[in-house]
Amino acid sequence: MRLPGVRAILPAAAGVFAGVAVRFVPEEGNAEMFELVLVGHDRRRDLVIGRWDDGDIAAVWRSVAATSGLPLLLEREDGVIVCPRPQIGRLQLGQIRIRRRHGLLNGRRPRFLVRRKTGKPLVRPVRVHGRDMMARD
């Protein structure tokens with residue numbers, strides 16, 4: 001996917017622009033077209049990168065955002081910019097993943113007993129009280 005002229009803009013875009021936005025452009029006919037826009041901090045410096053149809057815009061949008069380090073933005077029909085994914089600078093926030101396998105069960109048994117079997121009570125012999133048949137008098 002080549003973006004002529006954009007490759008030189010993207011590395012310097014992090015300080016000048018607030019994010020990479022997708023804007024719906026009404027077109028005549030059945031094709032839905034979208035514009036990819038570098039959104040400025042004051043909205044007067046918005047820079048339109050190009051127009052793509054609905055099949056290509058998601059891939060171009062993500063690649064431009066990943067190359068520049070700018071957050072992904074959406075422009076609604078009323079002109080309001082929203083951020084679909086939270087991001088701090090070049091760091092994208094996501095779900096926290098628990099890495100320990102026994103994290104939920106670690107309070108039940110001591111750690112060194114995890115692979116040991118529990119003990120079974122000993123079977124005691126049954127003692128019958130009374131006179132033994134083989135007893136000697």
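Across the stretch 66-82, which residue is farthest from Gly15 (Cα to Cα) among those that are at pLDDT 85 or above and touching a Gly at 6+ places or on another chain (Cβ under 9 Å)?
Out of the qualifying residues, it is Ile81.
Quick one: in the stretch 27-45, which of the residues that are modelled with pLDDT under 85 and closer than 20 Å to Val82 by Cα is surrounded by the fewest Cβ atoms within 10 Å (Cβ to Cβ)?
Only one residue tops the list, namely Arg44.
Considering only the stretch 46-65, how many residues are of a type in the set (Gly, Ala, Ser) and closer than 19 Å to Gly15 by Cα?
Start the filter on the stretch 46-65 by keeping residues that are of a type in the set (Gly, Ala, Ser), which leaves 50, 55, 58-59, 63, 65.
With closer than 19 Å to Gly15 by Cα added as a condition, the list becomes 63, 65.
So the answer is 2.
Scan the stretch 17-34 and report the pairs whose first residue is without any contact (Cβ under 8 Å) to a residue 40 or more places away in the chain and whose second residue is β-branched (Val, Ile, Thr) and buried (at least 18 other Cβ atoms within 10 Å of the Cβ), with Cβ atoms within less than 6 Å and a gap of 6+ or a chain change.
Phe34/Val22; Phe34/Ile57
The values are calculated or read from the model by the stated rules, or taken from the named source; none is laboratory data. It should be emphasised that the depicted structure is a prediction, and the values quoted were computed from it without experimental measurement. All Cβ positions, glycine included, derive from the backbone under ideal geometry; neighbour counts span all protein chains shown.
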